[in-house]
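The values are calculated or read from the model by the stated rules, or taken from the named source; none is laboratory data. Quick caveat, the model's predicted, so the values are computed rather than measured. A quick note on method: Cβ atoms are made from the backbone with ideal geometry, for glycine too, and the neighbour counts reach across all protein chains shown. SASA here: full protein model, heavy atoms, side chains in, ligands and nucleic acids out. Shrake-Rupley method; radii C 1.70, N 1.55, O 1.52, S 1.80 Å.
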Amino acid sequence: GVTRLLLTRIPFFKEIIVSSFSCDSCSWSNTEIQSAGRIQEQGVRYTLAVTSRQDMNREVVKTDCASARIPELDFEIPAFSQKGVLTTIEGIIERSVAGLEQDQPARRATDKEVAGKIDEFIGKLRQLKEVNSPFTFILDDPSGNSFVENPHAPQRDEALVVTRYRRSPQQSAVLGLEGEEVDAKPPDAAEDLRDEVLQFNTNCPECNAPASTNMKLVQIPHFKEVIIMATNCDSCGHRTNEVKSGGAIEPRGTRITLRITDPSDMTRDILKSETCSVEIPELEFELGMGALGGKFTTLEGLLKDIRDLVEKNPFTLGDSSMPSRTGKLQEFIGKLQDVKGKTQAHFIMDDPAGNSYLQNVYAPEEDPELRVQRYERTFEQNEELGLNDMKTEGYETEAASRR
C-alpha cells in the first residue's frame, strides 16, 4: 500500500501530521494524526455542551492518549484504545458505533442478552447524532495536544470550557515522561502558585460582557511577592491590569526618592501600590493615594499614565474649561514630557504601607541616585490604613469573656 504524510496547521491550535494509508488490493484505508510538537506543559480538558446539529460538525483532534466521555450515557472511550484521529464529534460517535457493532454477530450467537443490551446502547448513541436533547462531550488529554474547534474564534465560545491542569505522576508515567515519585513530599502550595497562571471568570468593567481575569504570583528581586491581575475582554477589546501586594503591611512606611539624571532611568521597574502617592517637586505635581490604582510598570510607563490621566480629565480639558487653566495644563504636559531624560528632576514615592518599590540598578550595591527612607506612620496614616482598630493579639480571650 501507499502511506501519505501531510504536515498541516489547524487555526488557533498547532501543527499536526496527518498520515493516510490506502491499499489497492483490498481497498482498505486508514487515517491517523500525530502531534508535530512536543508534549505540553499541562494537560487539557475540553467540555462542550452539544445543543444543535451544528455542534456535531465541530472539528476534533483526538490523540491516542486522550479519553472521550459522554456523562449522560455513562459512556467513555478510554485512552490508548483508539489511534489519533482528525474528525468531528459526529465522527467520534460513528466510530464508537462501528467498534461496538464489529463483534455483534458473534455475541448474538453466544450471548443474546449481552448483545441485546449493546444493541440498545448503540441505538442511544445514534440518537445523539440527531441532538433531540442536549448532552455533554468531554475530551481529556494529559499530553495537552487534543483540540475541539471553536467556530467563533477568536471570540469566546460560551458552550465550550477549556481547562488546563497539572498532570499527576501516574499520567506522566503513562506518557513516558520522567514522572515524580508518588510518595514524594507534596510541593508547597505557594510554590505552585509561582509557576501557575490562575484564571477565573469575571465581567468586563466597560461592556459587562463575560471576560476572563488572569492572576500570577511574581517574586520581585530584592523586594517581595506581588500579585499581578490582568483582564482581557474579547467583546470590546478592553484591557486592564492591576497589582496587589502579596504580603502584609510593613511595620514602617517607605519614602523612595530618585534623582532622574539620565534617560536610562526611565527603564527602571516600579511597583506602585494603591496606598502610594507620587510627587515631582520640580513640576509642583503630586498624585494622591489611590489614583491610578496599583501598577507594576517602568518609570516611563508611570509618567505616561500620569499624562493620560491629565489629558483625559473632562473637567480640566473639556469644552467648559477655562482657557487659562487649559494653557497651564498644556504647559505642565510639556514639562512632564521633558522629564523623560531631558530635564533633571526628583521622583518621590511615599507609601505608608511600605509595599511600593523602585528598582535599584546597582543591586545589591547602593544606588547613588536612589534614597530609601523608613519612617514611623502617623496616627492619621494608620487610621487611613485601618490599623488603629485592628487587633491581632489577645482578641480570642476578649471574645470568650464577652460570651
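Scanning the stretch 189-208 for residues that are open to solvent by less than 90 Å² (accessible area, probe 1.4 Å), modelled with pLDDT of 65 or more and either among the charged types (D, E, K, R) or farther than 19 Å from Glu242 by Cβ (or both) returns a single hit, Glu196.
Conditions tested, residue by residue: (1) assigned by the TED database to the domain that holds Val278; (2) not basic (Lys, Arg); (3) not in a strand (DSSP E or B).
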site: Phe332; (1), (2), (3): yes, yes, yes
site: Gln337; (1), (2), (3): yes, yes, yes
site: Phe347; (1), (2), (3): yes, yes, no
site: Asp350; (1), (2), (3): yes, yes, no
site: Gly354; (1), (2), (3): yes, yes, yes
site: Asn360; (1), (2), (3): yes, yes, yes
site: Pro364; (1), (2), (3): yes, yes, yes
site: Asp367; (1), (2), (3): yes, yes, yes
site: Arg374; (1), (2), (3): yes, no, no
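Scan the stretch 67-105 for residues that are open to solvent by 60 Å² or more (accessible area, probe 1.4 Å) and either farther than 28 Å from Ile16 by Cβ or among the acidic types (Asp, Glu) (or both) and the total you get is 7.
Tell me which residues, restricted to the stretch 44-90, are out of contact with any strand residue (DSSP E or B) (no Cβ under 8 Å at 6 or more places or on another chain) and among the small types (Gly, Ala, Ser). Lay out the reasoning, then the answer.
Pass one, the stretch 44-90, residues out of contact with any strand residue (DSSP E or B) (no Cβ under 8 Å at 6 or more places or on another chain): 51-54, 64, 74, 80-81, 90.
Residues satisfying the conditions are Ser52, Ser81.
Regarding Glu15, is this residue under 31 Å from the mean Cα position of the chain (by Cα) and not assigned by the TED database to the domain that holds Ser168? Yes, satisfied. Pairs meeting the criteria (first residue in the stretch 85-113 and touching a residue at least 40 places away in the same chain (Cβ under 8 Å), second residue part of a helix (DSSP H, G or I) and of a type in the set (Lys, Arg), beta carbons under 6 Å, at least 6 apart or on different chains) are lacking. Restricting Lys272, Lys244 to those that are open to solvent by less than 30 Å² (accessible area, probe 1.4 Å) and out of contact with any Phe, Trp or Tyr (no Cβ under 7 Å at 6 or more places or on another chain) reduces the list to Lys272.
Quick one: which residue in Leu309, Leu387 is open to solvent by 30 Å² or more (accessible area, probe 1.4 Å), at pLDDT below 85 and under 31 Å from the mean Cα position of the chain (by Cα)?
Details: Leu387 fails: under 31 Å from the mean Cα position of the chain (by Cα).
Only one candidate passes the filter, namely Leu309.
Number of residues in the stretch 223-241 that are surrounded by 15 or more Cβ atoms within 10 Å (Cβ to Cβ), of a type outside the set (A, V, I, L, M, F, W, C) and not in a loop (DSSP other than H, G, I, E, B) equals 3. Just so you know, in the stretch 129-161 the residues that are within 11 Å of Leu48 (Cβ to Cβ) and among the hydrophobic types (A, V, I, L, M, F, W, C) include one that is nearest to the chain's Cα centre (by Cα), and it is Val161.
In the stretch 107-117 there is at least one residue matching the filter, namely being modelled with pLDDT under 90, of a type in the set (S, T, N, Q), assigned to a helix (DSSP H, G or I) and exposed (fewer than 12 other Cβ atoms within 10 Å of the Cβ). Look at the stretch 277-306: where a residue is closer than 22 Å to Glu380 by Cβ and a partner is of a type in the set (Phe, Trp, Tyr) and open to solvent by 20 Å² or more (accessible area, probe 1.4 Å), sitting 6+ places away or on another chain with Cβ atoms under 9 Å, you get Val278/Phe285; Glu279/Phe285. Residue count for the stretch 19-40 under the criterion of being touching a strand residue (DSSP E or B) at 6+ places or on another chain (Cβ under 8 Å) and modelled with pLDDT under 80: the result is 8.
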